[in-house]
Structure formats: C-alpha cells, structure tokens
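The values are calculated or read from the model by the stated rules, or taken from the named source; none is laboratory data. A quick note: this is a predicted structure, and the numbers were derived from the prediction, not measured. With ideal geometry, Cβ positions are generated from the backbone for all residues, glycine too; neighbour counts draw on all protein chains shown. We work out accessible area using only protein heavy atoms, side chains counted, and drop any ligands, DNA or RNA first. Shrake-Rupley method; radii C 1.70, N 1.55, O 1.52, S 1.80 Å.
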Amino acid sequence: MPIVNRVADLHKDITAWRRDLHAHPELLYDVHRTAASVADKLKAFGCDEVVTGIGRTGVVGVIKGRKPGSDVIGMRADMDALPILEANDLPYKSTVPGKMHACGHDGHTAMLLGAARYLTETRNFAGTAVVIFQPAEEGGAGGKAMVDDGMMDRFGIQQVYGMHNHPGMAIGSFGIKSGPTMAAADHIVIEIEGKGAHAARPHASVDTVLVGAQLVNQLQSIVSRNVDPLESAVVSICVFQAGSTDNVIPQTALLRGTARTLKPQVQDMVQKRMGEIVEGVARLYGATATLKYNRGYPVLNNHEREAGFAASVAGEIAGADKIDTTIPPVMGAEDFSFMLNERPGAFIFIGNGDSAGLHHPAYNFNDDVIPYGTSYWVKLVETAQPA
Ligand SMILES: [Zn+2]
Ligand SMILES: [Zn+2]
C-alpha cells in the first residue's frame, strides 16, 4: 500500500502550510504565531479538543475515531526554528533576518497538521489520536516542558511517536531501529583560576592558558583511553576563552563544550573521568579549576515493540526495501527522548533527499517528503487501532 490517496490530494495544501511556516520562523518558546496557526487549523479541521499553552507554547489536538476503542496514540512534531541567516533564495524564504527553519521543523509541523486534517475527516480508526506540537526542541527542552505540564496523563497517552527528516537519505525511505538512537547531550563548563602576570615574567604566574591547553588535550584521552572502543562517546571542547592582549598572562580561562554518549554507564564514566582530569591537571600546574557538568537531553531510546511496529507501517507506505532498520545511532540529540522516557514509542527518520545538512544556512525541507510523512502518521493511527 503506497501513499494514501486522500493524503496525495492534500499535498498542495500541506505544502502551502509548510511554506508559510518557513517564511515566518520563530525561536524556542517564542513560537506564538506558529502555535496560533496550528491551533486555528486544528479547530477548523474539527478536532474534538484543542488545547494551547501546554509546556508554555505547545499545542495539543485530540481526534476520536468513529470505531469503539480505548487506545490513545500520541504523535509529536516540533515547531521551532534556529538563529541562522537563511542563504536560500526562495519565494517563501525567511522574512525574519537571522532566523530560519534550518532543521525542517516547518515540514514536521505541516506533515502532522496534514495527518490531523485527514484523521478528523475520515476517523477510520478506533480509540483516540493525539497530535502534539511542541516548542523549543532546539536546546530549550520543550518536550520536557510539555511532559512536566502533565500532558501524558491529561490526554491519557499510552504510546508516543516522533519523526525527523534526514538529509542524505533518499526521499520515500525511512530509517528506524530499536534501542539507543540519538545521544545524551551534556554541557561542560570549566573555569580555570591561576595567577596573572607580565608575559615576560612567567615564573611569577600560574599560566591558565597552559593549563587550558593541557586540559583540551587530556580530556580527549577519555574517549581514546577510558571508553571501551566498542562503545560510543564524544568529547568536544568548543570554546576556549582567555586573555585580552599579547603581553599579559591571564588570571583566568574558560573552556566550554559538550559530551555525547549512548549509555548511562558510559555517561557516568565520562563525567567522573572529566572531574578527575580537571582537578588533577589544575593541581599539576598549581592552578584551581572547577567543572560544571550539566546533563542535557537524555539518550533517545526507541522501544523494541513500537520500533518494530513503526518500521512495519513505514514499510507499507514506502515498501519494505526502503526501510533501513540497521541505521546507526547518531550523536546528535533530540528532546523527544523525554517523551520516550514516559511512554513506549519510537522515533523514525524520513529521507529528505540530497539536501544541505540540518542547521546549514542552505538547508530546506523537501516538500516531496510530505506524502510519505503524512501517510505514515495516518497509517500509524489506523493500524495501531483497528476496529
Ligand atoms: Zn535541529
Ligand atoms: Zn530538528
């Protein structure tokens, strides 16, 4: 069974919604226009219930099937854009300088709106479908905010599914696997305190630039020498700030970066070793240093049964040979993980073709993906809850 016919009919409308969202990007929780547009459409479609303001600016729509049943399935899209200046020259390019939909959340929102349109019209399923539109995926933990607001219990959600477009994967194909699929992303801040001095009198200093340089090197030994080579971890120091002129050894230095892992025991070990190295290296040079290790988005763990179910539905839409169930995990992070920690479910990648990468100023969601994504959503509901 390929693309759902009625979804193909809606392709033009969904594309227009996507392009309108693309032209009006909003950041983090400040997605007021987007959320209002989503809520207005859900009401116009005839959702049984539309609730705004969940997790600050999240929107939830409830659609009851016309067949009896008590199952409740949640489907989630993200609404926020990124602080990037768009490099595309499109008729619908961003109207807000310095903001753009560079992660395809415009496409995610439009595809799920398309599913809501279809499901309210047909209602050819049992139980209840809940469409979830979240703010602040890009670093603001909007998914967690909606969970903390009681969304799962309030709407009785029993299983929950998410989707992200995947540049470099062919249009009309999907990737999904069970288990760890995206990384835990932790934030590292290291403050080094030494002793400032004239650059010509290094013996009178405790040189924080030297300490910082040693730390950048030594922290890499965690991945190369502490992590089992068959496991995965990333340590990236991305900020090194010290000094302001060429003849003063600075009193302080600051390092910032990120640690990515796929398993709790590896995460615990990375954090522990980082603390030991920061303290030990600082002491070696007579400086002091403090590590702030803040845990961010948790590992995105697909549940086995639900990942298998999602793969079979995607296979019905695209053909079983177009579903990659051995896709390797990525070390990027995704706050849908907070929802998967609350309810069984799965997160699927959908091919965006040969586009620029996510978060690139020349990225654009490909509207040819829409029929696949929207068909997947509607078949997920109709298959999960047959009469
Ligand atoms: Zn992103
Ligand atoms: Zn994204």
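Observations on the model:
- Sequence ranges 210-218, 2-10, ranked by mean other-Cβ count within 10 angstrom, highest first: 210-218, 2-10
- GNM top mover of ILE317, ILE348, ILE192 - the chain, alpha-carbon springs below 10 Å: ILE192
- Listed pairs LYS12/LYS67; LYS322/LYS379; LYS41/LYS67; LYS12/LYS93; LYS12/LYS43 exceeding 22 Å between Cα atoms: LYS12/LYS67; LYS41/LYS67
- The stretch 1-130, dipole about Cα centre (Lys/Arg Cβ +1, Asp/Glu Cβ -1), debye to the nearest 20: 380 debye
- The chain - convex hull of alpha carbons, volume per residue in Å³: 142 Å³
- Each of ASN366 and THR252 was given a label point 7 Å from its Cα along the Cα-to-Cβ line. The distance between the two points is 4.9 nm.
- Of every Cα-Cα pair in the stretch 199-277, the percent that sits beyond 22 Å: 35 percent
- For ALA197, the amide hydrogen comes within under 5 Å of the amide hydrogens of ILE249, counting only partners 5 or more places away or on other chains and with H modelled in the peptide plane.
- Size of electric dipole in the stretch 211-274: Cβ of Lys, Arg +1 and of Asp, Glu -1, about Cα centre, debye, nearest 20: 140 debye
- Ranking THR52, MET151, ALA253 by Cα position along the charge dipole of the chain, where only Lys, Arg, Asp and Glu carry charges on their C-beta atoms, puts MET151 farthest toward the positive end.
- Counting all C-alpha pairs of the stretch 83-143, share separated by more than 17 Å (%): 55 percent
- Highest-MSF residue in the chain out of ARG225, ARG19, ARG343 [GNM, Cα springs under 10 Å]: ARG225
- From helices alone, the chain scores -11000 deg cm²/dmol at 222 nm; the rule is -39500 (n - 2.57) for each run of n ≥ 4 DSSP H residues, then divide by the residue total.
- Point-charge dipole on Cβ atoms (K/R +1, D/E -1) for the chain, about Cα centre, debye to 20: 280 debye
- GluC sites (Glu not before Pro) restricted to the stretch 161-270 and DSSP loop, no more than 10 other C-beta within 10 Å: none
- Quarter of the Cα convex hull surface for the stretch 304-363, i.e. its orientation-mean projected area (nm²): 5.2 nm²
- Per-peptide packing, taken as the mean over residues of other Cβ atoms within 10 Å, places 375-384, 253-262 in the sequence 375-384, 253-262 from highest down.
- Whole-number percent relative contact order across the stretch 286-376, with pairs defined as alpha carbons under 8 Å at least 6 apart: 33 percent
- Surface share of carbon and sulfur [accessible, 1.4 angstrom probe, percent] for the chain: 51 percent
- Within a Gaussian network of the chain (alpha carbon springs, distance under 10 Å), most fluctuating of CYS238, CYS47, CYS103: CYS238
- Between helix 105-122 and the chain: long-axis angle, C-alpha atoms, 0 to 90°, nearest 10: 20 degrees
- Rounded tilt (10° steps) of 370-384 against the dominant C-alpha axis of the chain: 70 degrees
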